[in-house]
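First up is the structure itself, then whatever we jot down about it.
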Amino acid sequence: MSSVRSAAQLYLPGVEAHHQAGPYQKLIDDAKGRGDEYSKIWDLFAECAFCTRAHAAAAAELLGDEALVWKVLRDLESSPLPEQDKLLLRFVGKVTKNLPAITSEDVGALQAAGWDDEAIYYAITTCALFNFYNRWITATGVPEMSEEAHRRQGKMLASRGYSRD
């Protein structure tokens, strides 16, 4: 018996059928709608609503605007976020989804928009850590929390865990 899995199989059974909406859900739905093959790892990424909800709550607390945070998460381009911030979020999205395509021009565009090297460094570092933790949380089966628990955690992260500088 071969130990090689087919491309359609996932390591964790049931994930594809039970993932929740997340940043990869649109990619999955679009690929399926076109009848295209897609990376099955996207199903695992779509499953990790834990981090999205936990850190969205903290961002909402820091910004004082939960509606803005969810608008950005649902559709960055039509959100009222300033273009400078959208540029940084597009960059970390590219780091996550298409790392080999990152060039010095990407960093140069951030610098031209007013982001200094330290801010870019922290954005890359945070992105890399979130990618690690999302994979860890999904693979180990960390259970979901209630919306209220996420809000409480968001307040705690905003007051103790994130810098306001």
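The values are calculated or read from the model by the stated rules, or taken from the named source; none is laboratory data. From a predicted model like this one, the values you see are computed outputs, not experimental measurements. We place every Cβ from the backbone using ideal geometry, glycine too, and count neighbours over all the protein chains shown.
Checked against (1) surrounded by fewer than 13 Cβ atoms within 10 Å (Cβ to Cβ); (2) touching a helix residue (DSSP H, G or I) at 6+ places or on another chain (Cβ under 7 Å); (3) closer than 19 Å to His55 by Cβ, Ser159 passes all but a single condition, namely (2). When we screen Leu68, Leu27 for residues that are modelled with pLDDT of 90 or more and either assigned to a helix (DSSP H, G or I) or within 18 Å of Leu129 (Cα to Cα) (or both), the only hit is Leu68.
Out of Arg53, Arg151, one residue alone is in a helix (DSSP H, G or I), at pLDDT below 90 and more than 27 Å from Ile28 (Cβ to Cβ). It is Arg151.
Within segment 131-148, restricting attention to residues that are surrounded by fewer than 10 Cβ atoms within 10 Å (Cβ to Cβ) and not in a helix (DSSP H, G or I), the residue that is modelled with the highest pLDDT is Ser146.
Taken over segment 83-99, the criterion of being more than 18 Å from the chain's Cα centre (by Cα) and at pLDDT below 95 is satisfied by no residue.
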